[in-house]
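Trainee: Let me begin by handing over the structure; questions about it come next.
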Amino acid sequence: MAVTTGQEHERGAAAVRPAGGPYGPLVSLAADIVLPLGVYYAARALGAAQGPALLLGGAPPALRLLCGAVRHRRADGVDLFFTVLLVAAALTSLLGGGPRLLLFKDAALSLVVGGWVLGTGFTGRPLAFQLGQRLHRGRAAGERARTWREHEGFRRGLRLLTLLWGAEQLLDGGLGTLAAATLPTDTVPLLARAESLTLLALAAVVTAVYARRFRARHGLPLFGAPISATARS
C-alpha cells in the first residue's frame, strides 16, 4: 500500500471538497435544479416552444460548469454528466415528427445517458465515485479520495457499479427503441415507463447487495464515509 504524506492528503481532500463553504451544496442545488426549472417555465409562459425552453433551462448548470472548469482548471464529472443530460434532452425535444418519432426520443436519451455513464467507467473518476463524493465533504471526502488512490478493490468496485448503471440505461434505451418500432403507439408510453422503473429497481437492488457484500469483505463502504474518517469526526 502506498504511503501518502499529509500534504498530499490535504491536496486530495481539497480536490473533492465542495466549493462555497457550508452553502456550497445549496448553491449547487439552486444552479442545477431550481434555476433551470424556473427558467424553463418562465420561457414557456412567455410563449417559447419546449425545445428552446429546455435549452434555456440548461444554460445555468452549463454556465456553472464552465465557470468551475475555468476557475479550478478541471470539470467535475457529476456536473458534466447532468449538463450533458440536459443538453441531450433539449436536443431530442427539437426533433419534429409524428407520434412514432416522439416515442423514439426517450429511448434515444437513455442511450445517450448509458453511453456517457459507461464512458466514465473507463476514466480516472467514474460516475459512482463522483456521486459518492457528493455525499460527503471535508475529511470524509478526503479519506474517500485517499482510499480511491490506494485501494485497488475500491476502484474496481466503483467501476463495476458505474458499468452496471450504464448498461442498465443502454438496455432501457434498447428495449424502448424496440417497443417504439414494433408496438402500438398508445401502448408504448405505459409499457416503457414500467420497463424503465423495473430496470432501475433491479439496478438499485444489485447496487445495494454488492455494496453490502463489498463492505463485509473489505471493511470499506463504497458510498459511506471511511471508518477512519468517521472515528476522527
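The values are calculated or read from the model by the stated rules, or taken from the named source; none is laboratory data. The structure presented is a predicted model; accordingly, all values stated were derived computationally and were not measured. Heads up, the Cβs are rebuilt from the backbone with ideal geometry, glycines too, and the neighbour counts pull from every protein chain shown. Accessible surface areas use protein heavy atoms only, side chains included; no ligands, DNA or RNA. Shrake-Rupley method; radii C 1.70, N 1.55, O 1.52, S 1.80 Å.
Trainee: Considering every residue within the stretch 129-139, establish whether at least one is over 20 Å from Val209 (Cα atoms), at pLDDT 85 or above and of a type in the set (A, V, I, L, M, F, W, C).
Mentor: no
Trainee: Further question: Among Thr147, Thr185, Thr177, Thr162, which is outside any helix (DSSP H, G or I) and of a type in the set (Val, Ile, Thr)?
Mentor: Thr185
Trainee: Right, something else. Only one of these conditions is not met by His136: (1) in a helix (DSSP H, G or I); (2) surrounded by 17 or more Cβ atoms within 10 Å (Cβ to Cβ). Which number is it?
Mentor: Against the list (1) in a helix (DSSP H, G or I); (2) surrounded by 17 or more Cβ atoms within 10 Å (Cβ to Cβ), His136 comes up short only on (1).
Trainee: Answer yes or no: is there a residue in the stretch 164-172 that is out of contact with any helix residue (DSSP H, G or I) (no Cβ under 9 Å at 6 or more places or on another chain) and either within 19 Å of Ala128 (Cα to Cα) or touching a residue at least 40 places away in the same chain (Cβ under 8 Å) (or both).
Mentor: Looking for residues that are out of contact with any helix residue (DSSP H, G or I) (no Cβ under 9 Å at 6 or more places or on another chain) and either within 19 Å of Ala128 (Cα to Cα) or touching a residue at least 40 places away in the same chain (Cβ under 8 Å) (or both), one finds none in the stretch 164-172, hence no.
Trainee: Something else: I'm trying to understand the selection: among the residues of the stretch 147-190, which are among the β-branched types (Val, Ile, Thr) and open to solvent by 10 Å² or more (accessible area, probe 1.4 Å)?
Mentor: Correct list: Thr147, Thr177, Thr182, Thr185, Thr187.
Trainee: Given Gly124, Gly119, Gly97, which one is at pLDDT 80 or above and either outside any helix (DSSP H, G or I) or open to solvent by less than 30 Å² (accessible area, probe 1.4 Å) (or both)?
Mentor: After ruling out the rest, the residue left standing is Gly124.
Trainee: Next up: Given the conditions (1) at pLDDT below 90; (2) farther than 17 Å from Ala211 by Cα, report the number of the one that Gly114 does not fulfil.
Mentor: Gly114 satisfies all of (1) at pLDDT below 90; (2) farther than 17 Å from Ala211 by Cα except (1).
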